[in-house]
């Protein structure tokens, strides 16, 4: 399988704080799958490091009150181009992120609390029928692959 994956999960220093969130389970996927790393925020023109952003009233806002919705949309669209170019089968994205979070994201108060929702890229992928996993769900992805291989 070809998997679009958040670069920070592979050890790339592309998070808002300039850091990384390497995930051993995500890195291990490279043994059996082709991984296509992306940082949609960077693809949208945002710098690293950058101010934290969260979804606020239907927009993506920085903690300083700057509207970053256009950059997030632009970055998500660029990531979709890579998804299509590499004919990816699914995505593994950074949990809770305003760009990549799936099902749960930060609540817009910049207080560390969560709410139901999807990040910009996760939402766009789901609208296309793409299965989106977070690093917390890699076991579900690999279990699904094993099950599918056994039924073939």
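The values are calculated or read from the model by the stated rules, or taken from the named source; none is laboratory data. Just so you know, these numbers come straight off a predicted model, no measurement behind them. Here the Cβ positions follow ideal geometry from the backbone for every residue, glycine too, while neighbour counts run over all protein chains shown.
In the set (1) within 16 Å of residue 99 (Cβ to Cβ); (2) crowded, with 20+ Cβ neighbours inside 10 Å; (3) more than 15 Å from the chain's Cα centre (by Cα), the condition left unmet by residue 5 is number (3).
Scan segment 56-73 and tell me whether some residue there is touching a helix residue (DSSP H, G or I) at 6+ places or on another chain (Cβ under 9 Å) and either within 21 Å of residue 24 (Cα to Cα) or assigned to a loop (DSSP other than H, G, I, E, B) (or both).
Restricting attention to segment 56-73, the residues satisfying the condition of being touching a helix residue (DSSP H, G or I) at 6+ places or on another chain (Cβ under 9 Å) are 58-61, 68-69, 71-73.
Next, only the ones that are either within 21 Å of residue 24 (Cα to Cα) or assigned to a loop (DSSP other than H, G, I, E, B) (or both) stay: 58, 68.
Scanning segment 56-73, I find at least one residue that is touching a helix residue (DSSP H, G or I) at 6+ places or on another chain (Cβ under 9 Å) and either within 21 Å of residue 24 (Cα to Cα) or assigned to a loop (DSSP other than H, G, I, E, B) (or both), so the answer is yes.
Of all residues in segment 76-84, at least one satisfies being more than 23 Å from residue 19 (Cα to Cα) and crowded, with 19+ Cβ neighbours inside 10 Å.
Scanning segment 101-121 for residues that are on the phi < 0 side of the Ramachandran plot and in contact with a helix residue (DSSP H, G or I) (Cβ under 9 Å, 6 or more places away or on another chain) turns up 101, 102, 105, 118, 119, 120, 121. Taking the condition closer than 17 Å to residue 16 by Cα and either more than 15 Å from the chain's Cα centre (by Cα) or modelled with pLDDT of 95 or more (or both), does residue 115 pass? When the stated conditions are applied, residue 115 does not pass them.
Of the residues 49, 37, which single one is touching a strand residue (DSSP E or B) at 6+ places or on another chain (Cβ under 9 Å), surrounded by 13 or more Cβ atoms within 10 Å (Cβ to Cβ) and either in a loop (DSSP other than H, G, I, E, B) or at pLDDT 95 or above (or both)?
37
Taking segment 120-136 as the range and being farther than 14 Å from residue 3 by Cα, free of Cβ contacts under 8 Å to residues at least 60 places away in the same chain and either crowded, with 19+ Cβ neighbours inside 10 Å or in contact with a strand residue (DSSP E or B) (Cβ under 7 Å, 6 or more places away or on another chain) (or both) as the test, the residues that pass are 124, 126.
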